[in-house]
Structure formats: structure tokens, C-alpha cells
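Chemist: Just passing along the structure, written as C-alpha cells.
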Amino acid sequence: MKSDRMLFGMEKKNRLIRMIQLPVMTTAWVIYRFDAGLTVWQGIAVSVLTLGLGWLLWHGKTKKMSVGACWFLGVLSALFGVCSIIGYGVDREIPWIKSFQVHTVVMAIGMALTFFHVSCVAAWYISLPSRSEKALPKIARIFKEKPFLVSAIGIAVAWLPYWLIFFPCSLSNDAINQIEQTIGVYYLSSHHPPFSTFLMGGCFNFGRFWGSDLFGLWLYTVFQYFAMAFAFAWIIDRCIKRWNCSVSFGFVVMLYFALLPVWPSFAQFLVKDGVYTVSVVLFMVELIEAVISRRQNWGRLTVTGLLMSLLRNNGVYIALAVLISGCIVLRKRQRKYMVISMAAVIVMMQIYSSVVLPAMGVMKGSSREMLSIPFQQTALYVKEHGDEVTEEEQKAINAVLDYDSLAEGYSSWISDPVKDTFKADGSLKEYFEVWVKQLFKHPETYFQAFFNASAGYYSISVNNAYFANYFYSDTSANIHHQYLFGSLESVREQILQWADDIQGVPLIHLAYQAGTYTWSAVLLLWVAFSQKKYEQLVVLSPIFISVLVCIASPVANCVRYMLPVMAVLPIAIASVAYSIKCKNCT
């Protein structure tokens, strides 16, 4: 009895300590979202948030963890708070040094505490043993028995109204450029993945052969639409049937794919990212099977890895990340096959890019695509410290970029105006010598340019999510495109406005924040490592390398670039949970 009273007293004391943190956490979220003043609805949102955080602190259960895991989580939480301050400054165009003020430090502390407690509860929930689901309602039983069929139909039907309103598709500038390469307007180039170009152009030219550009565009859209619906249904099927996830988890994932407007938007939008996302999903499923289920599926893993690398130029970096992480944490037999599989992908892609493509007359893409951050740093330096640039430095910069247009062309969220002035015949060696010299002169400017370009990918405080909803279409004189139902133009405008407005709804807006997915992956890695499931580093490495590629990309906080990460996060959650619960896993 005395022992029970002591345990109850300790639990009550811990709850009181947690509840003391509630005002700081609530204040942090108010500053984060509503620092300009509260409307009635925002006040209601804050009240609901306070109740939710209070319930989490009072009732939230936590899993016992080692001192090392606790300290590691504390460091991650502090880093989350610092990133929140940086993102807050970027979002409000405040220099990063001036972002660290009293109210933002309070916000950072509250955000860090929130991350810490949410992580503890998530670790406890993920490690819960699977519950028996024998007494399920009839609909739930059907879903459990046929998750792929139910999910595929549910997702495809939920997307259908969007597709019909924007029928046959919306068209992106990137897709226009790829199609125009195949009809002779531009030369073939690996600026966009040639395999994707041939796939998209093949559908278009088939339609044009039969006398209709729209038919060709529709063919590719049909392929993309159902490929995405089936791939997401396959995620749910594997989660329930292979990795012992609950029916409720599968249902939530289905709602995520069916109802979040970003998914039907990309399903009907001609752009390379949709099919590439499908390939990453297929690769991740095979990777998880190989790592935690020890299945002999190395052939399928190699094929999906090759497909992923063919459909996006940076896909091969994922294969490289898996190879390196596999060498570090996998056991000898698994490591051997993983190295063979991923090395095969890398070697075949090297042959493809250096032998096959040149033989087909495909020109190599420009190196400027991976230099967005240093170019942005130079542009901001010229804009803010142009009077300090020497004639010799100006000459070295001008040999690579158009010096005279840098200050005016600099944009904090996109590097295209700067990198489009790139001169291929310029000396990068001399440019980077100047770049290093100027870094030491004004490091704060370089940090500012870096944060402007990248903070959205690792902070949830940057509210401007770019290219999230593609319910519009670009045009080209060389491609006949029009929406079939012209009378629905006002409906299309309303959908575009609604899709933009929903990004500002509290909590839902987090689904549009790239930083949400980055930190979710970090949380999963911490949970896995705290349980000594180090093989999950291999499973999560595609997410982390994709985030790094996004950071180096030309657009800040771009949802389109994060699409593969957004798609595979549910199976990453399932993988970590399954590895913890499964005694026979690696």
C-alpha cells in the first residue's frame, strides 16, 4: 500500500511539473501563429490548442527511456526551438541575428517543450503491442481484409471531382519544356530526367499522331492518376497486412491521401514529381521488406531503385545514402546484398548518363542546378555589401554570373533569377576563391541567404508554402491545351482559392509545412535509436537525403519538392513501429 501511494504521489508530482509548462507552451504557439493579434476564430483555436496540450501533459503516457536517450531528445528539442526562431525570422523578413528576442526565445522554449512531450508520447504509442481487432465492425473488417482494393477505390473516387473539373489535366512549365524537347522545339537535355521526358513526350506524341494534343496529355494523366492512387493504396495494404498496423492507422492514412488537396492537385497536374513519388514509394516498400523483414527481394529493390533514379536526377543520391547507411548499421549478410543492389543501381545510372544518353544526343544538364545556395549568398552579398566588392572580385564573379543583375535579381525564396545568369564557360575555381573570401568578411550575410533559401525545410515557422496546390495551368504556343469544361472556370478559381485558404487553418497548415515531415523523420529516428533499432537509419535515409536535396534546391519551402517525403512518411512510421514490436527483426 505504501509503495502504491508513493508511485501515485510521484506520478501526481510529475503531472504537476508538466502542467506548469503549459502556459509557456501555449504562449509559444500564440506567438508562432497569431502574433499580429487574435480574431474570434483564432481565439477559439488557441483555446482548443490549450486544452489539447493540457490533456497531453496530464494524461499523456510516456515510455521509460535511458538517460542518454532523454538527453539526446533534449538536444533535439532545443534544436527544434532554435529552428523555430530562424523560421520565424525568415517568415517575417527579420534578419536572423535580430530574430533572437525575448518573445521569440519564449516561443522557442515553448516549441521545444512541445516537441519533447509529443516525442515522449509518440515513443510510448509506437511501442504499444498490437491490439486484437477481432470484434471489428463489418466495414472495418472489409477494410482489413482488402485494404488495397478499398483504399485504391476510396482515394481514386475522392480525387475524381477535382480531375473532372480540371479535365483533362493542368499543365506545368516543366512538363511543357519536356514535351517541347520531344517535338523539336528545344534540344534534348538532362536538365529534366530524360526517361521522364520520353515517357511524357511519348504519351503526348501518341495523341498528336491521332490528331489530338489533349488526348496525349490525357493519356499521361490517366497513367499518373492511377499510379499515384495505387501506390498510396499499396502503402496502406503493406502497413496493415505486412507490418501489423491497426485498421484505424490505415484508415487515417487513407484519409490523409484522399482528402488533403495537395494529392488530387498533383494527380491531375502534368509534372515529373508525381510519377517520381510513386517510384520512391515502391522503393521504400521494398527497402523496408529487405531491412526489417529479411525478405530476399534484392531484385525488386534494385529494379525500383533504378526506376527511381531514372525518373528524377537526384534519385541516385537516395541509392547512395541507402548504400552508405547500410554499410554502417546492417549485419554482414544484409550488408552484402544491400551493397550489391545499390551499387548496381549506381553503376547502371553512371553508364546510362555517361554512355547511353550522349549516344542518344542528349546534352548534359548545367552544373548550376546544385549551386543555388552559394549563388544566392553571392547575390545577397553584392546587394548588401556591393561597395566592398573589389574590382578583382567583381571580375571573378562576373565570369560565372551576371554581376550587374545580381543585386536586383536576388529573391529570398527562389534562386532562378540569379542562377539563370550562369555562364557555363566561367571559372568556378576563381569564383569559389572569392566566395570563401567574402564568407569570412560577412558570415552573417551568408547565413541569412542560407536560412532564407532553406529554413522552410527544417522549421515549421515558415508559413509560406510554395507550389503546394497546382489547380492552374501554364500555356505554350506549341501545345494545344484547354480545359474541356470551359463553363466551370469560376468553379476552378474557387477551388484554387479554397485550396490556398485551407493552408492557413490551424493544425491542417502543418500538413503543408515541409519542416513537419523533416522533424517527424527526426523523431522516428530518435525513437528507433532509443530502442536500439539502428537498422531504421537505412529506412529513414531516403527521407533525410531528400530533405538535403530540397535544401540545395532553387525554391524555398517547396511542397512539390517534398512530395516523396510526404508520401513515404506513413510507411516510415509503420517500419519503426514494426521493428520495435517484432522480436525477430534485425
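Chemist: Which one of the conditions (1) farther than 22 Å from Leu270 by Cα; (2) touching a residue at least 24 places away in the same chain (Cβ under 8 Å); (3) in contact with a helix residue (DSSP H, G or I) (Cβ under 8 Å, 6 or more places away or on another chain) does Lys581 fail to meet, given that it meets all the rest?
Modeler: Among (1) farther than 22 Å from Leu270 by Cα; (2) touching a residue at least 24 places away in the same chain (Cβ under 8 Å); (3) in contact with a helix residue (DSSP H, G or I) (Cβ under 8 Å, 6 or more places away or on another chain), the lone unmet condition for Lys581 is (3).
Chemist: Keeping to region 306-319, report how many residues are in contact (Cβ under 8 Å) with a residue 40 or more places away in the chain and surrounded by fewer than 24 Cβ atoms within 10 Å (Cβ to Cβ).
Modeler: Here the count works out to 6.
Chemist: Now a separate question. Looking for something under 24 Å from Tyr472 (Cα atoms) and either among the hydrophobic types (A, V, I, L, M, F, W, C) or in contact with a strand residue (DSSP E or B) (Cβ under 7 Å, 6 or more places away or on another chain) (or both) - is there at least one such residue anywhere in region 131-145?
Modeler: Filtering region 131-145 down to residues under 24 Å from Tyr472 (Cα atoms) leaves none.
No, region 131-145 contains no residue that is under 24 Å from Tyr472 (Cα atoms) and either among the hydrophobic types (A, V, I, L, M, F, W, C) or in contact with a strand residue (DSSP E or B) (Cβ under 7 Å, 6 or more places away or on another chain) (or both).
Rundown of residues vs (1) surrounded by 24 or more Cβ atoms within 10 Å (Cβ to Cβ); (2) modelled with pLDDT under 95, yes/no style:
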residue: Phe232; (1), (2): yes, no
residue: Asp237; (1), (2): no, no
residue: Val247; (1), (2): no, yes
residue: Phe257; (1), (2): yes, no
residue: Pro264; (1), (2): yes, no
residue: Val280; (1), (2): yes, no
residue: Phe283; (1), (2): yes, no
residue: Leu287; (1), (2): yes, no
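Chemist: Among the residues of region 158-190, what is the count of those that are surrounded by fewer than 20 Cβ atoms within 10 Å (Cβ to Cβ) and not in a helix (DSSP H, G or I)?
Modeler: The number of residues fulfilling the criteria is 9.
Chemist: Right, another one. Check whether at least one residue in region 315-324 is over 27 Å from the mean Cα position of the chain (by Cα), part of a helix (DSSP H, G or I) and not hydroxyl-bearing (Ser, Thr, Tyr), and report yes or no. Give the steps one after another, and end with the answer.
Modeler: Narrowing region 315-324 to residues over 27 Å from the mean Cα position of the chain (by Cα): none.
No - not one qualifying residue is present in region 315-324.
Chemist: Those residues that are farther than 22 Å from Ser309 by Cα and in contact (Cβ under 8 Å) with a residue 40 or more places away in the chain, I need them from region 174-186; list them, please.
Modeler: Keep residues of region 174-186 that are farther than 22 Å from Ser309 by Cα, which gives 180, 183-186.
Within region 174-186, Glu180, Ile183, Val185 meet the criteria.
Chemist: Another question about this same structure. So is Glu535 surrounded by 13 or more Cβ atoms within 10 Å (Cβ to Cβ), acidic (Asp, Glu) and either touching a residue at least 12 places away in the same chain (Cβ under 8 Å) or under 30 Å from Ser84 (Cβ atoms) (or both) or not?
Modeler: For Glu535, the condition - surrounded by 13 or more Cβ atoms within 10 Å (Cβ to Cβ), acidic (Asp, Glu) and either touching a residue at least 12 places away in the same chain (Cβ under 8 Å) or under 30 Å from Ser84 (Cβ atoms) (or both) - is met.
Chemist: Follow-up. Within region 477-489, which residues are touching a residue at least 60 places away in the same chain (Cβ under 8 Å) and either among the β-branched types (Val, Ile, Thr) or surrounded by fewer than 17 Cβ atoms within 10 Å (Cβ to Cβ) (or both)?
Modeler: Within region 477-489, the first condition is being touching a residue at least 60 places away in the same chain (Cβ under 8 Å), and the residues that meet it are 478-485, 488.
Within region 477-489, Asn478, Ile479, His480, Gln482, Leu484, Phe485, Leu488 qualify.
Chemist: Now a separate question. Starting from region 368-382, keep only residues that are without any contact (Cβ under 8 Å) to a residue 60 or more places away in the chain and in a helix (DSSP H, G or I), then list their pairs with residues that are surrounded by fewer than 24 Cβ atoms within 10 Å (Cβ to Cβ) and of a type in the set (Gly, Ala, Ser) whose Cβ atoms are within a distance under 9 Å, requiring at least 6 positions of separation or different chains.
Modeler: Arg368/Ala424; Val382/Ala407
Chemist: Follow-up. Using beta carbons and a limit of 7 Å, which pairs, at least six apart or on different chains, have the first residue in region 190-210 and in contact (Cβ under 8 Å) with a residue 40 or more places away in the chain and the second one basic (Lys, Arg) and crowded, with 20+ Cβ neighbours inside 10 Å?
Modeler: Final answer for the pair search is His192/Lys272; Pro193/Lys272; Pro193/Arg312; Ser196/Lys272.
Chemist: Also: Does Phe204 fit the bill of being at pLDDT 95 or above, surrounded by fewer than 20 Cβ atoms within 10 Å (Cβ to Cβ) and at negative phi?
Modeler: Values: at pLDDT 95 or above: yes; surrounded by fewer than 20 Cβ atoms within 10 Å (Cβ to Cβ): no; at negative phi: yes.
In short, no.
The values are calculated or read from the model by the stated rules, or taken from the named source; none is laboratory data. All figures in this text were calculated on a predicted structure; none of them were measured in a lab. Counting neighbours? That spans all protein chains shown, and the Cβs are built from the backbone with ideal geometry, glycine included.
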